[in-house]
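Comments concern the structure below.
Since every read-out is calculated from the coordinates, none of them should be taken as a lab result. As the structure is a computational prediction, the values presented were derived from the model and not from experiment. Quick reminder, even Gly has a Cβ in these numbers, built from the backbone with ideal geometry, and neighbours come from all protein chains shown.
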Protein chains: 2
Amino acid sequence: MGHSATGYRTIRINERDNVAIIVEAGGLKSGALLDNGIQLFDDVPQGHKVALEDLTEDAPIIRYGEVIGYAESDIVRGQWIHEGLVRMPDSPPLDQLSFMPRPAPALVPLEGYSFEGYRNPDGTVGTRNILGISTSVQCVAGMGNLVVKRIKEKLLPKYPNVDDVVVLNHSYGCGVAINAPAAIIPIRTLKNLTRNPNLGNEVMVLGLGCEKLEPKQLITPVADSNKHKDILELQDERFQGFAGMVDGIMAMAQQKLERLNQRKRETCPVADLVVGMQCGGSDAFSGVTANPAVGFATDLIVRAGGTVLFSEVTEVRDGVQKLLHRVASEDVGRALIREMKWYDRYLELGGVDRSANTTPGNKAGGLNNIVEKSLGSIIKSGTSTIVDVLAPGERVRRKGLIFAATPASDFICGTLQLASGISLQVFTTGRGTPYGLAMAPVVKVSSRSDLSQRWFDLIDLDAGNIASGQATIEETGWELFRLILDVASGRKQSAAETLGLQNDLVLFNPAPIT
Amino acid sequence: MGHSATGYRTIRINERDNVAIIVEAGGLKSGALLDNGIQLFDDVPQGHKVALEDLTEDAPIIRYGEVIGYAESDIVRGQWIHEGLVRMPDSPPLDQLSFMPRPAPALVPLEGYSFEGYRNPDGTVGTRNILGISTSVQCVAGMGNLVVKRIKEKLLPKYPNVDDVVVLNHSYGCGVAINAPAAIIPIRTLKNLTRNPNLGNEVMVLGLGCEKLEPKQLITPVADSNKHKDILELQDERFQGFAGMVDGIMAMAQQKLERLNQRKRETCPVADLVVGMQCGGSDAFSGVTANPAVGFATDLIVRAGGTVLFSEVTEVRDGVQKLLHRVASEDVGRALIREMKWYDRYLELGGVDRSANTTPGNKAGGLNNIVEKSLGSIIKSGTSTIVDVLAPGERVRRKGLIFAATPASDFICGTLQLASGISLQVFTTGRGTPYGLAMAPVVKVSSRSDLSQRWFDLIDLDAGNIASGQATIEETGWELFRLILDVASGRKQSAAETLGLQNDLVLFNPAPIT
């Protein structure tokens, strides 16, 4: 980006902020002149913060217009505000928070946008046409992997309208305390995964026969009331050996593929789209470039009548006071607080607190603590009213902006959002991850241009131009919105789809293993 | 097995037992005459128990010479003792248990047996020669799967002495509370998995670059002190895009394959063998046929100087008083009690207790509760002195019989035993499971002949002949011992290897997700 006539570029988000971040790739040396007239007192890495004024010990450090910490000692104008200089503030106390419901969405409706999707018997709409093979227990994972390979080789080429075959392997089903209070989470997740719109209500279930999680628990009757014909158990006495099992699975898969192959895309309103927003490998640019652009696209989808899920409890917890003024009703506000409290308690039982979230990569990228990370993370939710809150793995029941409570772990959040019913995910990254999902396309947005240049075939959209001033948040938000509709319609593939990159499903199981 | 002149066959284990089990496949009808002269009062399924005498309400029900429960109501001779008639006894209270150390193994040494293994720089000996690609975070799982496929296609055929290429995908590494007290378990597991003898001390590590679990934590210097050259991080700036990453991984894999390919099997004493024992999908025959045969083979391996791990805390907990008289020292006894207490507390925090272990399949197979299941399970440990106790994922440090504390979950127990250093596993099953491990051969033993006939290509050894009286425990135990040496030497493949059945690694992570 280089040294402009007026000094090196910095980004300050809110007029209350007493810090700004350095844009220059590779960072800047002590003595460098910034565009705000400040001369650097220290060497400062890219994405890290510099003090815009002298701060005395204990003074609040403000970013996004919010206190992200307090000065551990006196700080001078132009000094690098590294982790060691910032004392983290306490979390907002959940019992004393006030909230003011906003009864109706405040945004202007957006009309004239649609996508080409697969309409399902249950009313949902998929963006892909995938044969899903669910499993009731990890015991069958090896068999699942072998048969999917065989189906892809022998059957899939005959059914050109079917995009993929996916086995829903996981670590649950047996050897678990299935009656523990928290077991509801993994069970509901597995059940709702089979209902994901991209699987066309045509999932088949591979079971063993003696597991705790009964295969029929995973099947929800949709059009017809007898879905148990879609279950195949390896211990079934009609199977003679391995070859018999494989033949049985292949025969059922063929029937399913024939039905799926007859489906056609049709024009659907954006109201039929359910998009999940997530970030992973975040840096200080995430909250400045990629996440605000995602927030803008979130607003566009919601204005067009669609549904957006945002998640990651530990990255919302420290910004929750901002969200409580955007809830549609007191019930939604209470549900939001309920999910935060559940997680506080869950972490406490494990002997940790919210500070366990930030990673070495976050810190190297300039994020000092979870407060700063959270404020940059929740920008993905845009500005609209939060109409509902889902407990982990619950299915969407309303259109609009929804908080789906999940851990921030990328693969677990992805799995839970798939269970909630997303048909597409947007994933922002600062440090870079080759993340992809098997059950839905993932559009990856980078927060920095140097990442999207280096990872030219792994990143779908570069939001780094916002930092350099070559693009605005609005422009990049619109670009993302149009890209979402293109990918949803199958007109474009995401980078992860083209390369075949798929992370495994990872369940959130807070209950004991036995 | 049919109706003999003297009535249908039953099995009674101990002379104190007041119950016996029905051997006949398909079970027996009310009125059938048994070989002990009793006429059945009810229809009784195969493997289920029948009362050998009249029992009044609250009378102890005795199997394996131990109380497995108390009569819920009066029971008559010949009656089916189903789950509803049995009240479970309390667990042995861990603070009041006495133990009497047995300082030296009581068994006669066994000489003249050896196997052909791969000797490693760190002194361990492998039964297979596998290239292991460890991963420091689930973010790279998709990439790992793609490159393993490519390595198998393009490189592996050029290195005929290398058996396989395995990517150690898992759900840990980031999005986890890495400083939580219990995080030591998954971290130690991942670290020790890279040291498994079948990976020849030549593991390479695939990392991302910003994850919480640093790749270098997974590498233990062995012969040379700088193993960090075996780490490859996708965020490394030298990689241009996906293709660059793949090229980098392939180049490192080729170097590793060249070294592994030069290794040769050599004759090793049984003392160099580390075998894990496990059961899964158990039925009432497991404790009568397969597990006693395994116990006999365990004794043979220990007598020959080798090492055997048995595991599954929730299946030892209710029989622990029997094991405490077999410990080598007070320290070992205290360690055993420590692991039981840890698990009691772990289950309690999750709102459950040990009764969460038994599965619908166990119950259908005739096992009324965890006490009965435990007594049949610990028989796998044979009769020798317990010389050490390992916490979950700890590495073996002694030869002989070792209790490796793990959950009973098949895939988690398998993963933890691999971390502890087994080079081969024996797996007994009554209901049937297609279980297999990627990192070590698994010899599967069935408890019933009808299962091994139906699953002719999935089961390696039939112990069901013990129930019908056509084979003794000793004969089957010797057969298993010889099969273990054949498979360990590569002279035979296990059924799971031949078919390519491999369960995924599943970590035991009792710490929170963030």
Angle between chain B longest axis and helix B:330-349 axis [Cα atoms, degrees, rounded to 10]: 90 degrees
Viscosity 0.692 mPa s, temperature 37 °C: Stokes-Einstein D of the stretch B:177-221 from its Kirkwood Cα radius, in µm² per second? 287 µm²/s
Shielding of A:397-410 by partner chains, average beta-carbon count, 10 Å: 2
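For the protein assembly as shown, what is the convex hull volume of its Cα atoms per residue in Å³?
Cα-based convex hull of the protein assembly as shown, divided per residue, equals 172 Å³.
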Between the stretch A:398-420 and the stretch B:363-401, what's the alpha-carbon centroid distance in Å? 40 Å
Per DSSP H run of n ≥ 4, the term is -39500 (n - 2.57); total these for chain A, divide by its residue number, and report the mean residue ellipticity at 222 nm rounded to 500 deg cm²/dmol. -8000 deg cm²/dmol
Based on alpha-carbon atoms only, what is the radius of gyration of chain B relative to the globular estimate 2.2 N^0.38 Å? 1.02
Using alpha-carbon pairs under 8 Å, 6+ residues apart, how would you state the relative contact order of the stretch A:278-499 in percent? 31 percent
Karplus (6.51, -1.76, 1.60) ³J(HN,Hα), θ = phi - 60°, over the stretch B:385-390, in Hz, Gly and Pro reported as x: 6, 7, 8, 6, 10, 9
The set of residues whose placed amide H lies less than 5 Å from the amide H of B:Asp388, leaving out same-chain residues fewer than 5 positions away, is B:Phe403
So what's the angle, to the nearest 10 degrees on a 0 to 90 scale, between helix B:290-303 and the longest Cα principal axis of chain B? 60 degrees
Computed ³J(HN,Hα) along the stretch A:352-361: with the Karplus parameters 6.51/-1.76/1.60, θ = phi - 60°, integer Hz and x for glycine or proline, the list is 9, 9, 4, 5, 5, 6, 4, 10, x, x
Derived scalar couplings ³J(HN,Hα) [the stretch A:408-415; Karplus, 6.51 cos²θ - 1.76 cosθ + 1.60; whole Hz; x for Gly, Pro]: 7, 3, 3, 6, 6, 4, x, 4
Which values, in whole Å and largest first, are the semi-axes of the equivalent ellipsoid of the stretch B:115-180 obtained as the square root of 5 times each eigenvalue of the Cα gyration tensor? 27, 19, 7
Taking a point 7 Å out from Cα toward Cβ as the label site, list the nm distances between A:Gly31 and the same residue in every other copy, smallest first. 10.6
Under the convention of a label 7 Å out along Cα→Cβ, give the distances in nm from A:Asp247 to the same position in every other copy, shortest first. 4.9
How far is A:Arg345 from the same spot in each other copy, in nm, shortest first, if each label point sits 7 Å from Cα toward Cβ? 2.1
Average the reciprocal distances over every distinct pair of alpha-carbons in the stretch A:115-261, invert the result, and give the Kirkwood radius in Å. 15.6 Å
Against the empirical 2.2 N^0.38 Å scaling, what ratio does the C-alpha Rg of the stretch A:10-125 come to? 1.60
Label-point separation (nm) for B:Asn261 and A:Asp247, each offset 7 Å from Cα along Cα-to-Cβ? 4.0 nm
Pull out a ≥ b ≥ c, the square roots of the eigenvalues of the alpha-carbon gyration tensor of the stretch A:301-394, then state rounded if a/c is under 1.5, prolate if not and a/b is larger than b/c, and oblate in the remaining case. oblate
Under 5 Å, built H, 5+ apart or other chain: amide partners of A:Ile231: A:Val205
Please report the relative contact order for chain A, taking Cα pairs under 8 Å with a sequence separation of at least 6, and give it as a percent rounded to a whole number. 18 percent
Inter-part gap, Cα centre of the stretch A:127-192 to Cα centre of the stretch A:248-308, in whole angstrom, is 20 Å
Amide H within-cut-off set for B:Thr406, under 5 Å, with H built and near neighbours excluded: B:Glu312, B:Val313
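Computed FRET efficiency, Cβ-Cβ of A:Arg77 and B:Gln240, R0 41 Å: what is it to the nearest 0.05?
0.55
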Suppose R0 equals 22 Å; then what is the FRET efficiency for A:Asp90 and A:Glu15 from their Cβ-Cβ distance, rounded to the nearest 0.05? 0.30
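So what is the relative contact order for the stretch A:200-307, in percent, with contacts set as C-alpha pairs under 8 Å and at least six apart?
On the way: 67 pairs, mean separation 25.4, N = 108.
That works out to 24 percent.
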Longest principal axis of chain B (C-alpha) makes with the long axis of helix B:184-193 (C-alpha) an angle, in degrees to the nearest 10, of 70 degrees
Given A:Lys229/B:Lys29; A:Lys191/B:Lys363; B:Lys444/B:Lys492; A:Lys216/A:Lys399; A:Lys229/A:Lys256, which pairs have Cα atoms separated by over 22 Å? A:Lys229/B:Lys29; A:Lys191/B:Lys363; A:Lys216/A:Lys399
Counting only Cβ atoms, what residue of chain B lies nearest to the axis that sends chain B onto chain A, and how many whole Å off? B:Leu349, 3
